[in-house]
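Reviewing the structure listed below.
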Amino acid sequence: LGDSKTPLIFLIISSVLNVVLDLSMIINFHMGVRGAALATVIAQGISAVLCFIYMAKKYPNLRFDHHARSISFPIIKKLINIAVPMALQYSITAVGAVILQSAVNTLGSAKVAAIAAAQKLSMFFTQPMDMMGSTMATFSGQNLGAGKIERIFKGIKESMLLVIGYGIVACIFMIFFGKYLSLLFVAGNETSVINDAQQFLICNSIFYFVLGILFVSRNTIQGLGKSALTMLAGSAELVARAFVAFALVGKFGYNAICFANPIAWFAAIIILIPTLVILMNKLKKEHS
């Protein structure tokens with residue numbers, strides 16, 4: 001509904017509470033992993049309750065009345081048609097990551113540690129592009145409902161420019177500072193692990209702009225209600241990662257792992273970009 005600040009506040013509260021509960025349950029109550037898990041559930045549960053209360057008080061049209069409490073099978077069907085393909089798409093991508101991880105494990109503990117550290121950093125630095133994709137899902141859905149197709153075109157253009165620009169900046173940052181950021185997860189005397197992490201970060205960050213295009217195009221298609229089409233892109237990512245794991249790692253070793261993600265991203269956008277173009281041209285004709 002355009003209010004992204006309030007959920008952020010609740011998320012900050014949840015994160016702080018999670019840290020406090022982690023320390024308390026692990027150190028004071030000696031609950032170990034179980035305590036960490038319980039802390040996460042409690043913190044997120046409180047955040048969910050706060051969001052629900054705020055939603056009910058701030059937005060009258062989102063309060064549950066007797067109509068909202070009644071079951072609507074047409075709405076359930078529509079939600080399932082949108083949600084299930086999205087869930088499968090993410091599951092397919094996750095399977096590809098698992099297959100690739102099995103190949104990584106054959107390279108030894110040092111390589112595994114390097115990739116684990118690099119992926120944490122990469123995940124952090126790619127969040128803005130991921131969120132831009134989520135924004136486009138909402139933006140495109142709203143404007144489709146309003147019949148403002150030209151605004152969707154403009155939103156795609158502006159968001160593409162933003163993620164490409166950010167990807168370039170993030171890449172430069174990774175090239176110069178990625179090695180030092182790796183020290184957050186790796187001891188300073190483990191130079192080989194740090195160098196391997198730096199190599200992974202550079203090889204991936206060079207293609208962050210491709211990942212940004214993937215996020216925007218995939219989420220826009222999903223926002224337009226065509227989430228089933230994105231399953232093809234997820235399948236392409238799976239095939240690409242499996243190809244790297246089974247065909248390239250044995251020959252090129254760690255170098256192949258470093259380029260596995262970019263190969264998967266390219267495989268996905270080869271499908272997503274033409275799909276988005278065809279879909280937008282179709283919508284333009286229907287609303288002209």
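The values are calculated or read from the model by the stated rules, or taken from the named source; none is laboratory data. Owing to the predicted nature of the structure, the values given are computational and were not obtained by experimental measurement. Here Cβ is always computed from backbone atoms with ideal geometry, including for glycine, and neighbour counts include all displayed protein chains.
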Where in segment 16-133 are the helices (runs of 4 or more DSSP H), entirely inside, with at least 3 residues that are touching a helix residue (DSSP H, G or I) at 6+ places or on another chain (Cβ under 6 Å)? 32-58, 73-104
From the list 98, 104, exactly one residue is assigned by TED's automatic domain parsing to the domain that holds residue 276, surrounded by fewer than 13 Cβ atoms within 10 Å (Cβ to Cβ), under 29 Å from residue 183 (Cβ atoms) and among the β-branched types (Val, Ile, Thr). Which is it? 98
Please name all residue pairs, on different chains or six or more residues apart, with Cβ atoms under 6 Å, provided the first residue is in segment 188-213 and is without any contact (Cβ under 8 Å) to a residue 24 or more places away in the chain and at positive phi and the second residue is part of a helix (DSSP H, G or I) and crowded, with 24+ Cβ neighbours inside 10 Å. none
Those residues that are over 13 Å from residue 121 (Cβ atoms) and among the small types (Gly, Ala, Ser), I need them from segment 192-206; list them, please. 192
Of the residues in segment 187-209, those that are crowded, with 19+ Cβ neighbours inside 10 Å and aliphatic (A, V, I, L, M) number 4
Would you pick out the residues in segment 191-227 that are of a type in the set (A, V, I, L, M) and within 14 Å of residue 268 (Cα to Cα)? 210, 211, 213, 214, 216, 221
Could you count how many residues in segment 165-182 are under 20 Å from residue 254 (Cβ atoms) and surrounded by fewer than 16 Cβ atoms within 10 Å (Cβ to Cβ)? 1
Mind checking whether some residue in segment 71-79 is within 30 Å of residue 252 (Cβ to Cβ) and in the same structural domain as residue 212 (by TED's automatic domain parsing)? no
